[in-house]
Amino acid sequence: MTAKLKTAFKNARSIAPLYTSGPVALTPDGLKIVTCVGEDILYTEIASGNRICQFAGDTQSVTALCITPASSHLLVFTSSLSLRVFQLPTSSSPASKIVAPLRVIARAHEAPVHVCTSDPTSAYLASGSADGVVKVWDILRGYVTHVFKGHGGVVSAVTFNHPQDTSSLGQQQSMQLITASVDTRIRVFDLFGQSRATGKAAAVLEGHVSVPRGLDVSPDGKWLVSGGRDSVVLIWDLSPLLHAKSSQDSNKKGKDKAVAPTLVKTIPVLERIEAVRLIPADQEASSTASGLSTLRFSTGGESGVVKIWDAREGSVLFTLGQVQSRAFDDSEESRQIVDIIHVPSISTIVSVHADQNILFHSLSTQSLSRQLVGFNDEIVDITFLSPSLHTSPGAPLDTHLALATNSSLIRVYSRESLDARLLEGHTDIVLCLDKGSDGRFLVSGSKDRSARIWAPISSHKQISDWGYHCIGVCEGHAESVGAIAMSRNNLTSLELSNEDPSPFFMFTGTPTTKSVDSDEPVRCKSLVTLKAHDKDINSLDVAPNNRLLVSGSQDRTAKVYQIEFSSGKSVSGSLKLLGTCKGHKRGVWTVRFGREERVLATGSGDKTVKLWNLDDFTCVKTFEGHTNSVLRVDFLNAGMQLVSSASDGLVKLWNVRDEECIATMDNHEDKVWALAVSTDERTIVSGAADSVVTFWEDCTEEEQKEKEKKRADLVLKEQDFLNYVSIHDYRKAMQLALAMEQPGRLLSLFKNVVTSSDFTASNSVLGDSAIDEVLRTIAGSDLTKLLKYVRDWNANAKTSFVAQSVLFAILKLRPADDVMKSFVDEVGMEAFENGNGFSASESISNVKGGTALKDVIDSLIPYTERHLSRMDRLLQESYMVDFILGEMDDGMFDGDDMDVDH
């Protein structure tokens with residue numbers, strides 16, 4: 001049975017930049033995250049990776065943001081010194097329009113704000129600026145309630161102390177604000193006590209010798225933990241200050257003694273700390289113990305791992321994440337932690353790293369549960385993977401996606417959740433990727449002059465630690481490995497009984513031996529080295545039967561080789577040149593064998609795709625349509641179709657038989673370097689230099705069903721139109737023609753009425769009283785559409801009479817204000833439907849509606865004047881004809897003259 005040609009692909013989803021730099025915030029339920037991409041503020045659903053909405057910025061970078069504990073508001077400070085208050089959407093469905101702020105305070109501080117937080121009641125916001133000023137805001141009313149000065153420089157951390165459980169302290173509920181600054185001091189302000197009146201701190205804590213970067217308070221308000229760049233964590237007992245407050249409330253006579261929190265413990269952590277978070281113990285533990293024995297906290301800093309500490313012992317209980325194994329090109333600072341977020345509702349620690357990655361660590365399993373890659377940079381190659389086949393032979397295919405970007409780390413994404421893992425091993429940028437025939441194994445080539453073979457992590461390891469590990473290293477190249485190809489059949493006759501087969505050869509321009517799964521990578525052996533081209537090799541591909549290899553080069557040729565490989569007692573391999581494909585005018589960027597037929601497709605810098613016959617290596621077809629270099633090409637539909645991507649940012653679908661482009665997919669703004677087709681050929685994935693990965697889903701059947709449905713609806717409407725005309729129900733006939741957007745049927749209707757009517761014998765303006773009534777009462781949107789049709793009819797001399805008749809009837813039957821109002825209503829309705837309507841949109845609609853009406857009038861006037869001039873000429877010419885005919889009857893040839901002649 002012949003496969004049906006695919007005609008349409010839709011943009012199903014994209015992997016776009018999620019986080020580039022700046023602050024990060026999570027909703028308390030841990031389901032949604034707010035991140036910054038440049039100057040944009042994004043709101044994303046974590047489980048699916050779908051973007052919910054974008055918040056309106058002010059074209060300046062975001063310096064601080066936070067979400068209220070009630071998940072009601074998002075508070076954002078930018079480098080323009082403004083404070084923007086947004087209401088968080090309650091729905092997870094994607095919004096097409098940008099969310100506008102509820103309130104904007106243009107100059108909230110006199111210097112940039114780097115830290116801010118909301119109190120547990122979601123009523124107040126605290127912000128600390130670079131000039132040492134801390135302000136407390138009433139979120140709902142938008143005014144400042146407190147201003148605290150006296151910090152010795154930039155405010156580096158701020159947190160609220162609002163005790164949730166004060167039974168153990170025997171006091172009334174209170175609220176304190178605790179701040180830290182670059183002067184190394186920590187200050188405690190009583191928001192409803194003496195600090196409110198004097199603006200002075202109730203206590204100043206000295207203990208750090210460098211900038212404190214993290215502050216957190218226990219839920220009962222008794223313990224304060226602080227960590228800084230002096231590589232120590234200090235634990236403070238706040239109960240003396242709280243007891244003093246309680247005593248002051250009960251006995252207001254006399255002066256209170258100066259009581260300050262006490263330093264209980266100093267814990268050296270041996271790394272610069274950027275964030276500290278307390279982890280409350282469970283209720284059972286807290287009920288049986290007291291003091292520091294129930295206190296745990298987490299730290300994150302330059303090492304790039306989260307450490308969970310026991311406060312009483314001062315020791316590390318466990319670590320989350322892995323220490324960087326070696327120094328890469330981005331240096332150690334790229335992996336350090338810049339912030340930690342504790343989400344108690346899902347028992348998760350979230351670490352934000354300087355390399356734009358966000359890691360979710362489960363405290364219950366003490367492992368990585370999810371990783372969000374913030375920014376992929378330029379994407380240079382993509383391939384599908386099926387790691388589940390490693391343990392389950394019947395598992396789904398193409399469940400994961402591997403990306404090579406402008407980095408030494410390979411990204412592997414889950415297609416379902418966009419959960420990602422980073423594969424470490426290469427020491428320079430990875431340039432190319434390929435997979436085995438079943439998608440279990442991955443191979444990569446890099447600028448570090450090596451290729452690596454990757455296999456899924458074995459089943460005995462935790463499910464949450466899914467990923468790939470390196471099982472083989474291929475070295476020996478003198479330059480970067482820019483092309484790589486794996487054998488298309490992973491099983492030989494000798495390996496059919498093996499439950500875990502491995503790829504038995506691959507090409508990097510160099511075949512390699514069979515590798516085995518082990519904890520340490522195997523050093524692969526090169527079997528043959530061949531100088532194939534005079535210039536760089538851009539692409540390699542192995543035929544489906546593993547007998548042919550093709551190489552595409554910058555020397556404008558593609559060469560086909562016969563593979564001779566033996567895996568008996570002594571492994572051997574060689575290549576024999578069969579032919580050269582010549583015809584491209586520029587370098588060949590991509591080569592691909594047909595899966596069903598003996599054909600070869602090549603894409604070149606000359607903007608064309610060529611199809612070659614492998615029997616005589618002649619070009620049989622050339623596909624032209626891209627406006628820049630073709631970078632990737634692949635076959636679809638049993639070789640009946642091709643898909644290609646190019647430097648023009650487009651992905652094109654071609655029919656091979658007629659060399660026709662039948663679909664163009666556009667979602668990229670830069671070169672589309674990467675292209676992959678799923679095993680079932682229902683999904684095409686493209687990756688570009690704009691850091692966007694797009695999933696194109698086959699929607700041919702849906703499109704055909706939609707077209708058939710529209711055709712059937714159109715047939716029914718056309719029959720209804722004829723029925724309405726036959727029974728003289730002109731209102732419904734006109735409304736139906738306008739709804740179908742068929743001006744031709746309206747023109748025929750008006751033409752029949754105008755030409756067949758006797759205006760002298762009828763009191764109707766247009767010649768039919770029923771149509772007059774319709775024109776008098778037609779809705780505003782239909783009226784504007786009809787006037788636009790009249791404008792088009794008026795541009796043609798053959799239909800101008802009908803246009804002028806309808807226009808005369810409209811202006812005769814309806815006042816001018818009514819016609820103007822119809823244009824305003826139409827523009828306002830369109831603005832509302834497009835999501836651009838605001839509370840003050842009436843004046844905007846008036847302006848736009850007047851402009852639309854003016855455009856129609858400006859188009860009508862010149863053609864109307866031309867028709868009037870033509871009618872004047874015809875009228876004058878008719879007078880001349882009448883005069884000549886009159887003279888012929890009894891003027892020039894009268895009887896007297898006839899007698900004289902005789």
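For the reader, a short list of remarks on this structure follows.
- Filtering Leu631, Leu653 for residues that are assigned by TED's automatic domain parsing to the domain that holds Arg547, in contact with a strand residue (DSSP E or B) (Cβ under 7 Å, 6 or more places away or on another chain) and within 22 Å of Lys535 (Cα to Cα) leaves a single hit, Leu631.
- Residue check, Ser574 closer than 23 Å to Gly445 by Cα, of a type in the set (Ser, Thr, Tyr) and assigned by TED's automatic domain parsing to the domain that holds Ser629: yes
- Matching entry among Tyr879, Tyr863 (being touching a helix residue (DSSP H, G or I) at 6+ places or on another chain (Cβ under 6 Å), outside the structural domain of Ala100 (by TED's automatic domain parsing) and either surrounded by 10 or more Cβ atoms within 10 Å (Cβ to Cβ) or modelled with pLDDT under 85 (or both)): Tyr863
- Any hit, the range 548-557, residues being of a type in the set (Lys, Arg) and surrounded by fewer than 18 Cβ atoms within 10 Å (Cβ to Cβ): no
- Elements of type strands (runs of 3 or more DSSP E) in the range 65-170, at least 3 residues being closer than 20 Å to Pro28 by Cα: 73-78, 83-87, 113-118, 124-129, 155-161
- Residue within the range 393-409 that is crowded, with 19+ Cβ neighbours inside 10 Å, outside the structural domain of Arg51 (by TED's automatic domain parsing), within 23 Å of Gly227 (Cα to Cα) and in contact (Cβ under 8 Å) with a residue 12 or more places away in the chain present: no
- Of the residues screened, Ser645 is not one that is out of contact with any Lys or Arg (no Cβ under 9 Å at 6 or more places or on another chain) and either crowded, with 22+ Cβ neighbours inside 10 Å or farther than 22 Å from Asn538 by Cα (or both).
- Residue in the range 605-628 that is over 32 Å from the mean Cα position of the chain (by Cα) and under 21 Å from Thr508 (Cβ atoms) present: no
- Residue check, Arg296 under 27 Å from Ala157 (Cβ atoms) and at pLDDT below 90: no
- Test: residue in the range 530-547 that is over 38 Å from the mean Cα position of the chain (by Cα), within 22 Å of Ala676 (Cα to Cα) and touching a residue at least 40 places away in the same chain (Cβ under 8 Å): yes
- Answer residue from the range 187-220, given it is out of contact with any His (no Cβ under 9 Å at 6 or more places or on another chain) and of a type in the set (S, T, N, Q) and is surrounded by the fewest Cβ atoms within 10 Å (Cβ to Cβ) among those: Thr198
- Strands (runs of 3 or more DSSP E) wholly inside the range 351-438 containing at least 1 residues that are within 22 Å of Asp541 (Cβ to Cβ): 379-385, 400-405, 410-414, 430-435
- Every residue from the range 744-799 that is acidic (Asp, Glu) and either part of a helix (DSSP H, G or I) or at pLDDT 80 or above (or both): Asp772, Glu773, Asp782, Asp792
- If you check Ala688, Ala676 for being surrounded by 12 or more Cβ atoms within 10 Å (Cβ to Cβ), out of contact with any Phe, Trp or Tyr (no Cβ under 6 Å at 6 or more places or on another chain), at pLDDT 90 or above and under 30 Å from Ala404 (Cβ atoms), only one passes: Ala688.
- Summed over the range 702-745, the residues that are closer than 23 Å to Asp792 by Cα, within 44 Å of the chain's Cα centre (by Cα) and small (Gly, Ala, Ser) give a count of 3.
- The listed residue being modelled with pLDDT under 80 and either under 17 Å from Leu234 (Cα atoms) or in contact with a Phe, Trp or Tyr (Cβ under 8 Å, 6 or more places away or on another chain) (or both), out of Gly301, Gly291: Gly291
- Top-ranked residue of the range 7-51 - restricted to ones that are in contact with an Asp or Glu (Cβ under 9 Å, 6 or more places away or on another chain) and closer than 20 Å to Ser118 by Cβ, ranked as surrounded by the most Cβ atoms within 10 Å (Cβ to Cβ): Ile33
- Number of residues in the range 138-150 that are free of Cβ contacts under 8 Å to residues at least 60 places away in the same chain, at negative phi and under 37 Å from the mean Cα position of the chain (by Cα) equals 5.
- Only one of the numbered conditions (1) more than 26 Å from the chain's Cα centre (by Cα); (2) within 26 Å of Gly467 (Cβ to Cβ); (3) modelled with pLDDT under 90 is violated by Ser334, and that is (1).
- Only a single item in (1) loosely packed, with under 10 Cβ neighbours inside 10 Å; (2) modelled with pLDDT of 80 or more is not met by Asp889, and it is number (2).
The values are calculated or read from the model by the stated rules, or taken from the named source; none is laboratory data. As the structure is a computational prediction, the values presented were derived from the model and not from experiment. In this analysis, Cβ positions are derived from the backbone assuming ideal geometry, glycine residues included, and neighbour counts consider all displayed protein chains.
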